[in-house]
């Protein structure tokens, strides 16, 4: 088993990574929590696969388990669904001594995490991510949120879990598209880190390779993110590096209205941004092609017709990372050499070469 420690000023927790850990959930949770009532939250795709198995393991370990599920998809990451889940917990008499376990992908982790953070002003939380995207990214670092209309993650808080359990065997039930989507975040992290991590990425040439190396890919991604988070928990400084690919990526993802997955949009966003920086002589020649090649090797999209939409500019300007009239853009000078460039909001269209309505 690989164990990664996340140590913050007011919180310390472990990320445990190993095949077959789902069968040990009851034991692992009992090592962390005293007997209590647990809200086991999943979407209606994951619930039939794993919820009963996990609930049984928890029950055998002395916990009282209430299973809740919600419709799968980004649309459920809303205040409405959050209220529905809180209402069910209140009906089942959950109190501050109880806990929430998020069992599922990124939407579940964000939604159930915010549920734990807000129910009775905060109760205990454990993350059990079952998708590659959630395992390598969203389950670690404490970001919890819901969307508002088409604005992603605009309402939320930083709320760290007590434990994260990563079982790579859960990836076997993913569709190939869902598996590959998560790899978009891995390419992002490897490009930021460089070195041996990027060398590993250069050997991944198919979805089968992703599966074969998933424990190491998860461990390397989580360790990098943990190091960044420990240095900057609330994204006031270097944690912004993790937004590489997200500024343009989030805009394209929102405009796709469900047609693009998050990791796919990050892939598109990374490559679009790096081409701009490379063309301007602010990045090593050929770096965009390097990142594009590693994305295309597993079937990730690397461009989108939505990049030519005038609506991209509106989405970018409304990005929640827009601070004090400036937007911080994360790029790479070379693989393993990230930097942050602050651009005034009124210059962002020309800097990113985004189409404007005046150009129509």
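The values are calculated or read from the model by the stated rules, or taken from the named source; none is laboratory data. Because the structure is predicted, anything quoted here is derived from the model rather than measured. Cβ coordinates were reconstructed from backbone atoms using ideal geometry, including for glycine residues, and neighbour counts include every protein chain displayed.
Structural remarks
Here's the yes/no breakdown for (1) more than 13 Å from the chain's Cα centre (by Cα); (2) surrounded by fewer than 24 Cβ atoms within 10 Å (Cβ to Cβ); (3) in a helix (DSSP H, G or I):
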| residue | (1), (2), (3) |
| --- | --- |
| 118 | yes, yes, yes |
| 126 | yes, no, no |
| 152 | no, yes, no |
| 157 | yes, yes, no |
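- Some residue of the range 82-91 being farther than 26 Å from residue 170 by Cβ, touching a residue at least 24 places away in the same chain (Cβ under 8 Å) and crowded, with 16+ Cβ neighbours inside 10 Å: yes
- Meets criteria (assigned to a helix (DSSP H, G or I), modelled with pLDDT under 95 and under 27 Å from residue 5 (Cβ atoms)) for residue 137: yes
- Criterion (touching a helix residue (DSSP H, G or I) at 6+ places or on another chain (Cβ under 9 Å), outside the structural domain of residue 234 (by TED's automatic domain parsing) and buried (at least 24 other Cβ atoms within 10 Å of the Cβ)) met by exactly one of 218, 214, 139: 139
- Any hit, the range 44-54, residues being surrounded by 13 or more Cβ atoms within 10 Å (Cβ to Cβ) and under 22 Å from residue 142 (Cα atoms): yes
- Residue within the range 50-70 that is in the same structural domain as residue 15 (by TED's automatic domain parsing), within 24 Å of residue 254 (Cβ to Cβ), free of Cβ contacts under 8 Å to residues at least 60 places away in the same chain and not in a helix (DSSP H, G or I) present: yes
- Checked against (1) modelled with pLDDT of 95 or more; (2) surrounded by fewer than 16 Cβ atoms within 10 Å (Cβ to Cβ); (3) assigned to a helix (DSSP H, G or I), residue 205 passes all but a single condition, namely (3).
- Residues located in the range 291-312, provided they are more than 15 Å from residue 184 (Cβ to Cβ) and in a helix (DSSP H, G or I): 305, 306, 307, 308, 311, 312
Residue-wise test of (1) in contact (Cβ under 8 Å) with a residue 60 or more places away in the chain; (2) in contact with a strand residue (DSSP E or B) (Cβ under 9 Å, 6 or more places away or on another chain); (3) part of a strand (DSSP E or B); (4) assigned by TED's automatic domain parsing to the domain that holds residue 161.
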| position | (1), (2), (3), (4) |
| --- | --- |
| 7 | yes, yes, yes, yes |
| 12 | no, yes, yes, yes |
| 16 | yes, yes, yes, yes |
| 19 | yes, no, no, yes |
| 23 | no, no, no, yes |
| 26 | no, no, no, yes |
| 30 | no, no, no, yes |
| 38 | yes, yes, yes, yes |
| 42 | yes, yes, yes, yes |
